Structure formats: C-alpha cells, structure tokens
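The values are calculated or read from the model by the stated rules, or taken from the named source; none is laboratory data. As the structure is a prediction and not an experimental result, all values here were calculated from the model. All Cβ positions, glycine included, derive from the backbone under ideal geometry; neighbour counts span all protein chains shown.
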Amino acid sequence: MASEHEQRRLSENAMPLMEHLRELRRRLIIVGVSVGVGVVLCFFFASDIWGFLVAPMNDALRANDAGTMAILAPLEGVVTYLKVAVASGFFAATPVIAWQLWSFVGPGLYSREKKVILPLVVASTVLFVGGAAFGYFVIFKYAFGFFLSVTAGTAEAVLSMEAYLKTATRLLLAFGLSFQLPVVVFFLARIGLIDARDMIKGFKYSIVGIFTVAAVITPPDVLTQSLMAAPLILLYGVGVIIASIVSTKKRD
C-alpha cells in the first residue's frame, strides 16, 4: 500500500517540487478569483449584510439603553462597507477554498482515499458555517448584552462601526476555524499520526489547550470563554469517535 504512493511519486517528472508549486499557484489563483467574484457580488449587498451583522449589537444597545453605533471618521462608513464586502466574499467562497485545499492535499493520499475529498469539503464547509453561526446566534447574543450591562447607567456606549466589524469578523472566523477540529482529526487519523487512544490519553491536556485558545480569541470574560470551550470539548469527543473508526496508526 505504501509502495503505491511511493511509485506514483517517483513516476513524476524530474522536478516534482516545481510541479507541486505550479499546482499550488493554480489553486491559489482559483481561490483568488472566487473570492474576488464573491467580494464584487457582496459589495452590492453590503448594507444588508452589515445590517444583519450588527443586529445583535443593536439589540443589546436597545435592551440596555446603553448607546448607539456611530461613525467616528468621515470615510469610516464607506471603508466599513468595503471591508464587509471583502469579509463576506471570503465567507461566500468557503466551499471553493475547502475544495481547493483538499484537492491539493488529495494527491498525497493513496488513490483509494481520494474518494473522501468531497465529504471532507462538505464537512469543512458545514462546520465552518456552523461555527460562525454558533458565534453569531449564541456568543453575540449573550456576550454583547453582558458587556453592555456591566456599565449600563454609568456610561453611554458610542461604538465605532469599524471597531465592531473587526471584533465581529475576528470572532466569526475564530469559531468557524475552531469547529474544523473533527476534520483535522479525521485527516491526522487517516494518515496514521493519531488514534483514539492518543486522544483519550491527551484529553486533560486538550482541555487546557481549548480553554487557552478560548481565552486568546474571545473577550476576557468567563462566560464567553466557556461558551466557546463547551462545543469544542464536544467536538473533541466526536473526534475521538472518528479516530477510533478511521485511524490507520499501527501499534506494537
């Protein structure tokens, strides 16, 4: 089995590295074009997308009678809409990005493993969207209201559009990427680097790692960090099950 991959690798031309780099460039161009198309299309709906993105904060501001969203610089509104279009373009191109990523990795797998590329693309896309949705509908809903309630009655919030967009996109991206854990586990288990025993043995260290990651990429409060850590721990458990099924790691 291992020799099949080796024979295919050796049968390539005399400069396999250059071929590899050309293939990478081709796929990056495809990703760039798809993101560019997404950005152009999303620009025409930037106002609607912004309205959807800022809705949780506006709800929290009204609920706490805490202040308003504001433009703090002459060009901030226009620049924010441009950034919304760029972020939305990347988000819309997620399936293409996932397809190009796994198609690039695919040749490194044995031929019989290439059939999992499509399921991996679907899983990556669904998990990314699911993670972003969890951040939007759960974290935004509870965290923003909590933050504003702390200073309600003592200070009025005047929130910059650009600053809010930066915070919101960072959180959505963090949740989308962190929810890729089962896919990463599948890949590592399939190439024989880990198995379920490794994951169970390292569970206590993983808990520390999960809470550390949550502390780094979320606001500094226990509520938000716990809300992020909880689904990641659940996904880690799913990863244990996946590793127990698909791992090719050999033990003595």
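Listed values, structure above:
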| quantity | calculated |
| --- | --- |
| From 208, 216, 185, residue being surrounded by 20 or more Cβ atoms within 10 Å (Cβ to Cβ) and either assigned to a helix (DSSP H, G or I) or not assigned by TED's automatic domain parsing to the domain that holds residue 130 (or both) | 185 |
| Meets criteria (of a type outside the set (Phe, Trp, Tyr) and under 30 Å from residue 59 (Cβ atoms)) for residue 231 | yes |
| Condition met for residue 66 (in contact with a strand residue (DSSP E or B) (Cβ under 9 Å, 6 or more places away or on another chain), over 25 Å from residue 143 (Cβ atoms) and not charged (D, E, K, R)) | no |
| Single residue of 119, 56 found to be buried (at least 16 other Cβ atoms within 10 Å of the Cβ), at pLDDT below 95 and under 30 Å from residue 238 (Cβ atoms) | 56 |
| In the stretch 198-229, the residues that are within 24 Å of residue 166 (Cα to Cα) and either more than 22 Å from the chain's Cα centre (by Cα) or free of Cβ contacts under 8 Å to residues at least 40 places away in the same chain (or both) | 210, 211, 212, 213, 214, 215, 216, 220, 222, 225, 226, 229 |
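Here's the yes/no breakdown for (1) within 24 Å of residue 141 (Cα to Cα); (2) in contact with a Cys (Cβ under 9 Å, 6 or more places away or on another chain); (3) part of a helix (DSSP H, G or I):
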residue	(1), (2), (3)
37	no, no, yes
42	no, no, yes
52	yes, no, yes
58	yes, no, yes
62	yes, no, yes
82	no, no, yes
87	yes, yes, yes
96	no, no, yes
